[in-house]
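Below: the structure, in structure tokens.
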Amino acid sequence: MNTRNVYLGTLIATYVLLSSIAIAAPVREGERIVRDPQTGDYTAYYLDDEADGVEMIESPFITATKIDPRVRSAFMLIQNLNVRYVYNISNGYAAKQPISDISVFGLPANVAISNSIVASSNGNDDRIEFFETALSVPNKNWYGSGARLSQELNIGWHYNNETFSTSLGIQPGETLSGFGTISTDLPGILGAHLIGNTKFHQFDFSGEGPDPSKTDIARQMQVIEQNDFVSRNIAAPLIIVPNPFDAAIVLDRIRTHVATWTSKQLVDSVFASQLDGYLGAAANAFRNNQPKAGREHIESLRKMLGKEHRFLDHDDEDNDDTPEHKVATRLTIDRLAARVLDFDLRYVLKQMEKENKHEHDHDEGDRKKER
């Protein structure tokens with residue numbers, strides 16, 4: 001079995017709605033799932049109908065959450081106003097498993113990931129696209145994969161574990177950098193799923209588990225498996241940049257994304273309301289052809305963010321982005337959230353400067369022709 005095929009299938013299948021499992025019968029007598037309070041692992045007991053009778057199967061599940069991950073996000077503008085995303089991943093000394101998988105689910109379906117290979121395309125509903133060349137990796141032991149679906153794009157980085165050894169991956173106490181990608185779209189904040197290296201098990205629904213049409217235990221097992229990860233916030237391409245560029249549309253999209261931060265405990269409600277007011281005013285100013293007012297609203301926003309966190313414009317190195325610093329300064333807004341928003345606002349200003357320069361050069365050319 002090729003681990004690359006396993007992970008590609010996971011990216012495609014993981015976000016299938018649980019309600020899609022047909023349940024024709026409740027849990028049968030004797031079927032149950034037991035959790036070990038000391039290890040956090042599970043054992044499922046379910047009936048398997050064999051030709052010669054019914055057998056009770058005992059299926060262990062070793063959870064992949066015995067890791068202590070930390071992800072540092074860097075994002076920077078490169079040529080042609082593309083955004084390079086780079087992730088530095090650490091596994092704490094207290095971890096009991098290596099980290100072997102980092103997946104990002106729920107990116108917009110139309111997000112641009114540079115250097116992917118489209119083999120065939122008939123819209124997002126019928127598209128074969130390969131992402132190995134589009135996702136950078138630290139070394140040859142890792143590879144990237146992805147799946148563009150009609151409703152979302154899922155990408156991930158995986159340890160190339162052909163031997164299925166549970167000792168491989170980012171070890172406890174180790175830090176690994178070089179995970180990343182490039183996009184024309186702007187960062188927002190999304191929870192990445194990090195998974196510890198654990199052996200395969202019968203909770204894997206590739207034909208080995210119980211029949212979901214005969215017992216509800218299958219759904220219960222799938223719920224456990226699909227939630228078997230540790231989530232960490234990262235900066236990821238979530239704000240789609242229209243072509244041609246439209247500052248009002250981009251600011252509206254930033255505003256919509258920032259509106260989700262309160263429920264994620266990234267910003268307090270009072271500060272969020274202030275951000276929303278300025279973002280709305282800036283978008284309306286550009287929409288009404290008042291670029292000077294739009295820029296002033298953006299600069300006011302950036303000053304607000306700068307009062308909460310220092311050095312927000314250090315996109316490629318953020319030495320203050322530590323857990324201790326976050327605890328000490330997170331009075332109004334999370335530091336990563338502030339960095340992301342400040343970056344997006346600077347991008348809008350840079351695009352407007354580019355448009356102004358183009359208009360100025362065009363006017364100069366016209367005046368020279370008139371002479």
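Please count how many residues of the stretch 116-139 are at pLDDT 70 or above and in a loop (DSSP other than H, G, I, E, B).
Number satisfying all stated conditions: 8.
To keep it simple, each residue is scored yes or no on (1) closer than 30 Å to HIS257 by Cα; (2) surrounded by 19 or more Cβ atoms within 10 Å (Cβ to Cβ).
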{"position": "ILE33", "(1), (2)": "no, no"}
{"position": "TYR42", "(1), (2)": "no, yes"}
{"position": "LEU47", "(1), (2)": "no, yes"}
{"position": "ILE57", "(1), (2)": "no, no"}
{"position": "MET76", "(1), (2)": "yes, no"}
{"position": "GLN79", "(1), (2)": "yes, no"}
{"position": "ASN91", "(1), (2)": "yes, yes"}
{"position": "PRO108", "(1), (2)": "yes, no"}
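Looking at this structure, is TYR93 in contact (Cβ under 8 Å) with a residue 60 or more places away in the chain, touching a helix residue (DSSP H, G or I) at 6+ places or on another chain (Cβ under 7 Å) and more than 29 Å from ASP313 (Cα to Cα)? Considered against the rule, which asks whether it is in contact (Cβ under 8 Å) with a residue 60 or more places away in the chain, touching a helix residue (DSSP H, G or I) at 6+ places or on another chain (Cβ under 7 Å) and more than 29 Å from ASP313 (Cα to Cα), TYR93 comes out as no. Taking the stretch 266-289 only, how many residues are among the hydrophobic types (A, V, I, L, M, F, W, C), over 14 Å from ALA337 (Cβ atoms) and open to solvent by 10 Å² or more (accessible area, probe 1.4 Å)? The qualifying residues number 3.
Of the helices (runs of 4 or more DSSP H) contained entirely in the stretch 234-327, those carrying at least 1 residues that are touching a Lys or Arg at 6+ places or on another chain (Cβ under 7 Å) and modelled with pLDDT of 95 or more fall at 247-258, 269-287. Restricting attention to the stretch 211-233, the residues that are in contact with a Ser or Thr (Cβ under 9 Å, 6 or more places away or on another chain), open to solvent by less than 10 Å² (accessible area, probe 1.4 Å) and assigned to a loop (DSSP other than H, G, I, E, B) add up to 0.
Going by the conditions given, is THR198 in contact with a Ser or Thr (Cβ under 7 Å, 6 or more places away or on another chain), more than 30 Å from ARG253 (Cα to Cα), modelled with pLDDT of 95 or more and open to solvent by 20 Å² or more (accessible area, probe 1.4 Å)?
For THR198, the condition - in contact with a Ser or Thr (Cβ under 7 Å, 6 or more places away or on another chain), more than 30 Å from ARG253 (Cα to Cα), modelled with pLDDT of 95 or more and open to solvent by 20 Å² or more (accessible area, probe 1.4 Å) - is not met.
Going residue by residue through the stretch 60-75, is there one that turns out to be without any contact (Cβ under 8 Å) to a residue 60 or more places away in the chain, part of a loop (DSSP other than H, G, I, E, B) and among the charged types (D, E, K, R)? No, because not a single residue in the stretch 60-75 is without any contact (Cβ under 8 Å) to a residue 60 or more places away in the chain, part of a loop (DSSP other than H, G, I, E, B) and among the charged types (D, E, K, R).
The values are calculated or read from the model by the stated rules, or taken from the named source; none is laboratory data. In this text, all values refer to a predicted model and were calculated from it rather than measured experimentally. Cβ sites come from the backbone with ideal geometry, for glycine too, and all protein chains shown count toward neighbours. Remember, those area values only see protein heavy atoms, side chains included, never the ligands or the DNA or RNA. Shrake-Rupley method; radii C 1.70, N 1.55, O 1.52, S 1.80 Å.
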